[in-house]
Amino acid sequence: MSLNEQQALESRYLMHTFARKPVCFVEGAGMHLTDDEGNDYLDFLAGIGVCSLGHCHPAVSEAVAAQAGKLMHVGNYYYIEKRGELARMVDEALNQNLPGQDAQQWCSFFTNSGAESNECAMKLARLHARKQATGGADAPNVIVTLDGSFHGRTMETLAATAQPAKQEAFQPLPEGFLHTPINDIAALERLFEENEGTICAVMLEPIQGESGVHPCTPEFLRAVEQLARKAGALLIFDEVQTGVYRTGLPFAFQHFGVVPDIVSIAKGIGDGMPMGICAARADVAAAFEPGDHGTTFGGSNLAVAAATATLAELAKPGVCERIQDVGAYLREGLASLQGTSNVRGMGLMCACDLDEADANQVVLEGLGKGLVLNATGPRTLRFLPPLVCERAEVDVLVGKLAELV
Ligand SMILES: Cc1ncc(COP(=O)(O)O)c(C=O)c1O
């Protein structure tokens, strides 16, 4: 079927929630995608930070294919092969690069997406606060999030997402959220002072992704930690985009030395298989009892097989170092271009601003040059390549971008 026919069908039968680019990819391998006419592309978006090992990594494809032929789904009423093992791998990854005294016992709840991981995190924080307090319904229930954040598209995660333009059409949104500017310690102190006794959690992305890769400063994260601990509130880190080795460590919080109580994970965990995790410190997770939360699909046999294979590959020696090296090389390359500024990011989560070029136009023209690119704003390009990206592929990117920006 031609691209024109695909477009006509999708236009007629799909809801118009995305302004799609005029291309239909039909195959992938590592950093490469192939379209329906056989054209080759280098992928610097990885399905929005999802295909962490690149497209169709043999370890994941084989694990999924084998599991698909054996048992795909039985549901959460039963034990599932390798699910406990996967949760142990998640616990080990969360405890890496932390001083011994900061290591925690982590428990996982498996979901299917980032929004669901955050829903679970927020429900857990509210329930934990209720169980800590003697006041029951009067327990702290407010969740603080940061201006410009992105936490998902469900009603609750949209209420958490402090971007009025995205929220406006869907009012009334669930209550119980307050927002504060990123990296503004004085504003955060005021917010805690003015709302004493009502805050049950602060939820934030250590590096804001959808807003164009804006990192929290270490000082801000330490202030959040200090104020939250003093108020008895939990720290939820939304690592849906920054997690799973994206920043060159298993989780971004490990760069900052601030350990959250709850971590939301998704995107890269299954290398393309829909999968998410809400991981919490065991004593916090203990607030959940049977019946408090659930899912039909989360943690299916198929998803567990994909995530186990993905994490096992990413845990191999040298992976973090390579991601950090190639990420630094990418930022150097972007900074060397005429017409770019504010190059930023960590590991293979990077962005730059364009002095004059229109970012959406660069994305479209990039397709014509065999590049899959992403604009997060009219003047901002974001780069989330598969974590198997090498320096040579960065050279190709930078060479072609020089003609576009
Ligand atoms: C930080 C963050 N949280 C949550 C989400 C929502 O994830 P999903 O689209 O899988 O629901 C995203 C998606 O981009 C994200 O970047």
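The values are calculated or read from the model by the stated rules, or taken from the named source; none is laboratory data. Just so it is clear, the model here is predicted, and its values are computed rather than measured. For neighbour counting, all protein chains shown are included, and Cβ atoms are generated from backbone atoms with ideal geometry for every residue, glycine included.
Go over the candidates Glu196, Glu225, Glu219 one by one and state the one that is in a loop (DSSP other than H, G, I, E, B), among the charged types (D, E, K, R) and over 15 Å from the mean Cα position of the chain (by Cα).
When all the criteria are applied, what remains is Glu196.
Residues of segment 117-156 being of a type in the set (Asp, Glu) and under 23 Å from the mean Cα position of the chain (by Cα), which ones?
Glu119, Asp147, Glu156
Does segment 242-257 hold any residues that are in a loop (DSSP other than H, G, I, E, B) and polar (S, T, N, Q), and which are they?
At the first step, the residues of segment 242-257 found to be in a loop (DSSP other than H, G, I, E, B) are 242-252, 257.
Answer for segment 242-257, where residues must be in a loop (DSSP other than H, G, I, E, B) and polar (S, T, N, Q): Thr242, Thr247.
What number of residues in segment 149-187 are outside any loop (DSSP other than H, G, I, E, B) and under 21 Å from Ala121 (Cα atoms)? Break it down stepwise before answering.
Taking segment 149-187 as the starting set, the residues that turn out to be outside any loop (DSSP other than H, G, I, E, B) are 155-160, 162, 164-170, 177-180, 185-187.
So of that shortlist, the ones also under 21 Å from Ala121 (Cα atoms) come out as 155-160, 162, 167, 177-180.
Here the count works out to 12.
Which is under 27 Å from Met72 (Cα atoms) and among the polar types (S, T, N, Q), of Gln226, Gln254, Gln241?
So the residue among Gln226, Gln254, Gln241 that is under 27 Å from Met72 (Cα atoms) and among the polar types (S, T, N, Q) is Gln241.
Is it the case, given these coordinates, that Asn118 is among the polar types (S, T, N, Q), within 14 Å of the ligand (Cβ to nearest atom) and surrounded by fewer than 24 Cβ atoms within 10 Å (Cβ to Cβ)?
On the way: among the polar types (S, T, N, Q): yes; within 14 Å of the ligand (Cβ to nearest atom): yes; surrounded by fewer than 24 Cβ atoms within 10 Å (Cβ to Cβ): no.
Answer is no for this residue.
Across segment 297-345, what is the number of residues that are within 19 Å of Leu94 (Cα to Cα) and touching a His at 6+ places or on another chain (Cβ under 6 Å)?
Residues flagged as within 19 Å of Leu94 (Cα to Cα) and touching a His at 6+ places or on another chain (Cβ under 6 Å) within segment 297-345 amount to 0.
Taking segment 76-134 only, how many residues are basic (Lys, Arg) and at positive phi?
Final tally of qualifying residues: 1.
Could you check segment 258-283 and list, in sequence order, the residues that are surrounded by fewer than 20 Cβ atoms within 10 Å (Cβ to Cβ) and either free of Cβ contacts under 8 Å to residues at least 60 places away in the same chain or assigned to a helix (DSSP H, G or I) (or both)?
Ala282, Asp283
Of the conditions (1) touching a His at 6+ places or on another chain (Cβ under 9 Å); (2) farther than 20 Å from Gly257 by Cβ; (3) not acidic (Asp, Glu), Arg190 clears all except one; give me its number.
Failed condition: (1).
For segment 5-13, state whether one or more residues are touching a residue at least 40 places away in the same chain (Cβ under 8 Å) and either assigned to a helix (DSSP H, G or I) or under 27 Å from the mean Cα position of the chain (by Cα) (or both). Spell out how you get there, then give the answer.
Here is the first cut: in segment 5-13, the ones touching a residue at least 40 places away in the same chain (Cβ under 8 Å) are none.
No, that holds for no residue.
Looking only at segment 131-162, count every residue that is farther than 13 Å from Ser264 by Cβ and touching a residue at least 40 places away in the same chain (Cβ under 8 Å) and tell me the total.
Looking only at that region, the number is 9.
When you scan segment 284-313, how many residues do you find that are farther than 18 Å from Val263 by Cβ, in a loop (DSSP other than H, G, I, E, B) and among the polar types (S, T, N, Q)?
Selection size over segment 284-313: 2.
Collect the residues in segment 358-374 that are outside any helix (DSSP H, G or I) and surrounded by fewer than 18 Cβ atoms within 10 Å (Cβ to Cβ), keeping them in residue-number order.
Matches in segment 358-374: Asp358, Lys369, Gly370.
Just to be sure before I move on: is Thr154 surrounded by 15 or more Cβ atoms within 10 Å (Cβ to Cβ) and on the phi < 0 side of the Ramachandran plot in the structure I sent?
Working: surrounded by 15 or more Cβ atoms within 10 Å (Cβ to Cβ): yes; on the phi < 0 side of the Ramachandran plot: yes.
When the stated conditions are applied, Thr154 passes them.
Quick check on my filter: what residues within segment 24-82 are in a loop (DSSP other than H, G, I, E, B) and among the acidic types (Asp, Glu)?
Asp36, Glu37, Glu81
Quick one: in segment 226-268, which of the residues that are of a type in the set (Lys, Arg) and away from the ligand (no atom under 13 Å from the Cβ) is farthest from Ala160 (Cα to Cα)?
Filtering first and then ranking leaves Lys230.
Quick one: Gly176 ticks every box in (1) over 15 Å from the mean Cα position of the chain (by Cα); (2) at negative phi bar one, so which box is it?
(2) is the only condition that Gly176 fails.
Does Gly368 qualify as being within 16 Å of Gln208 (Cβ to Cβ) and of a type in the set (Gly, Ala, Ser)? Even if it seems obvious, please write down each step before you answer.
Working: within 16 Å of Gln208 (Cβ to Cβ): no; of a type in the set (Gly, Ala, Ser): yes.
In short, no.
Of the residues that sit in segment 98-115 and are in a loop (DSSP other than H, G, I, E, B) and surrounded by fewer than 15 Cβ atoms within 10 Å (Cβ to Cβ), which one is modelled with the highest pLDDT?
Gln105
When the residues of segment 179-225 are narrowed to those that are within 16 Å of the ligand (Cβ to nearest atom) and acidic (Asp, Glu), which ends up farthest from Val50 (Cα to Cα)?
Here the answer is Glu205.
Sort through Gln208, Gln132, Gln167 and tell me the only one that's polar (S, T, N, Q), more than 24 Å from Phe256 (Cβ to Cβ) and at pLDDT 95 or above. Spell out the reasoning first.
On the way: Gln208 fails: more than 24 Å from Phe256 (Cβ to Cβ); Gln132 fails: at pLDDT 95 or above.
Of Gln208, Gln132, Gln167, the one residue that is polar (S, T, N, Q), more than 24 Å from Phe256 (Cβ to Cβ) and at pLDDT 95 or above is Gln167.
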